[in-house]
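The values are calculated or read from the model by the stated rules, or taken from the named source; none is laboratory data. The structure displayed is predicted, hence computed values, not measured ones. Please note: Cβ atoms are built from the backbone with ideal geometry, for glycine as well, and neighbour counts cover all protein chains shown.
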Amino acid sequence: MNFSEFIEKYATHPNYHAPTGIELHAKSWQCEAPLRMLLNNLDRRVAENPEELVVYGGTGQAARNPEALLQIIKCLLELDDNHSLLIQSGKAVGIVRTHPEAPRVLIANSNLVPVWATWDHFEKLKSEGLMMYGQMTAGSWIYIGSQGILQGTFETFAACGAKYFHGDLKHKLIVSGGLGGMGGAQPLAATLADATFLGIDIDPERIKKRVESGYIDFISYSYSEAKEMVLKAKEHGKAISVGLVADIGDTLEQLLADGIIPDVVTDQTSAHDPLYGYIPNGLTLEAARTLRKVAPEKYKELSMKSMARHVGFMLEMQKMGAIVFDYGNNLREMALQGGEKNAYNFNGFIPEFIRPLFCDGKGPFRWAALSGDPEDIRVTDQALIEAFPDNLQMIAWLKKAEQRVEFQGLPARICWLGMGEREKAGVLFNNLVKAGKVKAPIVIGRDHLDCGSVASPNRETEKMLDGSDAVSDWPLLNLMANTGGGATWVSFHHGGGVGMGYSQHAGMVVLADGTERGENCIRRVLFNDPALGIFRHNDAGYEKARENMHTFELGFK
Ligand code: NAD
């Protein structure tokens with residue numbers, strides 16, 4: 001198949017999809033893997049808005065523009081295993097000489113020198129065609145749809161239940177805003193954790209997408225109807241989810257006026273981006289689109305004021321007994337800037353629920369079957385269940401996921417695994433490929449939201465024991481360790497999750513292709529990557545990480 005035929009079949013803008021099966025289009029699986037994952041990121045079943053090359057998280061893109069995307073595809077089709085492609089904010093800029101165990105693609109997205117690292121400066125560069133916002137897994141080509149955040153959200157809700165509700169979320173109501181790419185995982189995660197869920201999104205199309213993919217049970221256009229449904233379900237201990245088309249601030253205000261205090265309140269609107277990610281109170285989607293174009297400064301001001309009002313209602317609910325936490329979208333910071341001076345009176349989800357997992361080197365390990373065959377994921381699930389018979393939580397999760405999670409695009413699975421476990425799982429998958437038990441290679445990656453790969457003081461590194469929240473040497477060390485270790489592609493981004501100026505983070509993907517080279521790379525990368533998380537938390541003074549330094553013999557001899 002020549003280049004034009006390939007484009008016609010897989011990449012006529014805005015209709016993208018990854019090739020499946022065992023036939024190679026690139027020169028090796030190492031080059032085919034990033035090609036398939038890039039196209040998968042932009043598949044309509046996966047991406048929120050392929051027209052704009054937006055994958056998720058507000059404006060998180062996989063490539064800078066359609067022309068730049070074509071060039072990347074061309075390079076990947078022609079690349080060989082002694083070269084690596086350089087991507088600068090979603091555009092191919094060069095090819096360098098490397099070797100077969102080096103990463104095939106080296107990606108840097110949205111990075112700005114700190115003093116210039118603001119949305120305003122970024123927007124100026126973006127409008128001149130010089131940059132794109134890579135979010136985390138959008139620009140690093142390892143987004144797998146809402147499932148990518150599903151287990152993390154499930155773990156977070158379950159941890160919240162364990163910490164505040166004696167381990168049981170039955171008869172508990174969770175209320176949250178935003179049902180987009182990541183936020184759309186909340187309803188299914190909540191019902192998997194036995195809670196009743198009310199989600200609010202201003203855009204009906206977003207909710208419809210979740211209904212179609214089985215992530216949410218019902219859509220409602222009426223506050224009263226949605227309220228009755230969830231109150232009845234809560235009373236009967238029924239784990240159902242309802243998506244209400246409304247403004248999140250207005251709904252919280254109405255709930256307060258009706259004396260309804262949810263058990264848990266959080267939010268996943270794209271608050272990190274006040275211009276493109278949040279719809280100001282009182283505006284229709286259409287009016288918001290127009291105002292954004294004609295008066296962006298006014299838009300941002302209204303947006304931040306609305307977030308202040310929104311957080312004000314969350315704080316009132318907190319006073320009345322609700323468990324309230326920030327879910328990683330920088331909502332508190334935007335609300336503070338919008339005038340809510342007590343915005344930081346509730347915690348972020350990392351110090352609340354996730355940091356102990358980071359001390360074990362745990363994080364959102366994920367993999368995708370390049371064959372496109374769902375049976376390959378079933379085989380990997382089963383292999384993990386057999387290889388980790390004592391990990392009952394993981395087994396319970398994999399069984400639930402098999403029953404409840406519909407794949408979007410290439411079949412994939414997420415499962416939080418820690419130090420030791422990731423390497424073991426990676427080698428296991430490589431052996432499945434070698435033995436022909438799965439039909440094609442498997443890519444193994446993770447979110448940048450991980451134990452040792454991110455500096456984000458309002459999220460992953462909020463309230464570190466030693467106050468080192470803003471130190472971003474760690475994600476750079478992570479990038480270098482994974483590059484040296486031989487990941488198949490690596491990335492370094494700025495601004496993911498929480499927006500420009502607020503985070504720096506690294507990503508990696510490594511290929512299980514059944515070869516000895518694959519095993520060598522997997523053993524190094526899947527050791528180094530979680531080890532960085534343990535080093536980082538040990539250095540900050542966490543006892544659990546210190547114990548893990550001994551358990552895994554990570555200390556200096
Ligand atoms: P998205 O842009 O796909 O979805 C955001 C949704 O918010 C949209 O559907 C939009 O219609 C809705 N919305 C905006 N303003 C609203 C309002 N006033 N009222 C009601 N709904 C409104 O984004 P996403 O991928 O779902 O990510 C959401 C946020 O979570 C982002 O800030 C992202 O950076 C962050 N995030 C969190 C995690 C985590 O682990 N907690 C992980 C990744 C991303």
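Observations on the structure shown:
- Sole residue being more than 8 Å from the ligand (Cβ to nearest atom) and of a type in the set (Phe, Trp, Tyr), chosen from 327, 278, 299: 299
- Of all residues in the range 281-295, those that are closer than 15 Å to residue 58 by Cβ and without any contact (Cβ under 8 Å) to a residue 40 or more places away in the chain total 3.
- When the range 4-34 is limited to residues that are assigned to a helix (DSSP H, G or I) and among the aromatic types (Phe, Trp, Tyr), the one that is nearest to residue 140 (Cα to Cα) turns out to be 29.
- Residue among 209, 234 that alone is within 16 Å of the ligand (Cβ to nearest atom) and either of a type in the set (Val, Ile, Thr) or buried (at least 19 other Cβ atoms within 10 Å of the Cβ) (or both): 209
- Restricting attention to the range 118-144, the residues that are in a loop (DSSP other than H, G, I, E, B) and either more than 16 Å from the ligand (Cβ to nearest atom) or over 19 Å from residue 277 (Cβ atoms) (or both) total 9.
- Every test in (1) of a type in the set (Asp, Glu); (2) within 20 Å of residue 104 (Cα to Cα); (3) part of a loop (DSSP other than H, G, I, E, B) is passed by residue 43 save one, and that test is (2).
- Pairing residues of the range 444-455 that are over 16 Å from residue 360 (Cβ atoms) with residues that are basic (Lys, Arg) and modelled with pLDDT of 95 or more, at Cβ distances under 9 Å and at least 6 apart in sequence or on separate chains, gives 444/366; 444/422; 445/366; 447/366.
- The requirement of being in a helix (DSSP H, G or I), surrounded by 24 or more Cβ atoms within 10 Å (Cβ to Cβ) and acidic (Asp, Glu) is not satisfied by residue 381.
Each row is one residue, and each column tells you yes or no for (1) among the charged types (D, E, K, R); (2) touching a residue at least 40 places away in the same chain (Cβ under 8 Å).
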position	(1), (2)
345	no, no
392	no, no
399	yes, no
407	no, yes
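- Exclusive hit being closer than 16 Å to residue 507 by Cα and crowded, with 17+ Cβ neighbours inside 10 Å, set 441, 411, 475, 457: 475
- All strands (runs of 3 or more DSSP E) inside the range 54-100 with 2 or more residues being crowded, with 21+ Cβ neighbours inside 10 Å: 54-56, 83-88
- Filter result for residue 492 (within 15 Å of residue 361 (Cβ to Cβ) and of a type outside the set (Gly, Ala, Ser)): no
- Criterion (part of a loop (DSSP other than H, G, I, E, B), on the phi > 0 side of the Ramachandran plot and more than 16 Å from the ligand (Cβ to nearest atom)) met by exactly one of 437, 463: 463
- Residue list for the range 474-520, filter: of a type in the set (S, T, N, Q), in contact with a helix residue (DSSP H, G or I) (Cβ under 7 Å, 6 or more places away or on another chain) and part of a helix (DSSP H, G or I): 478, 482
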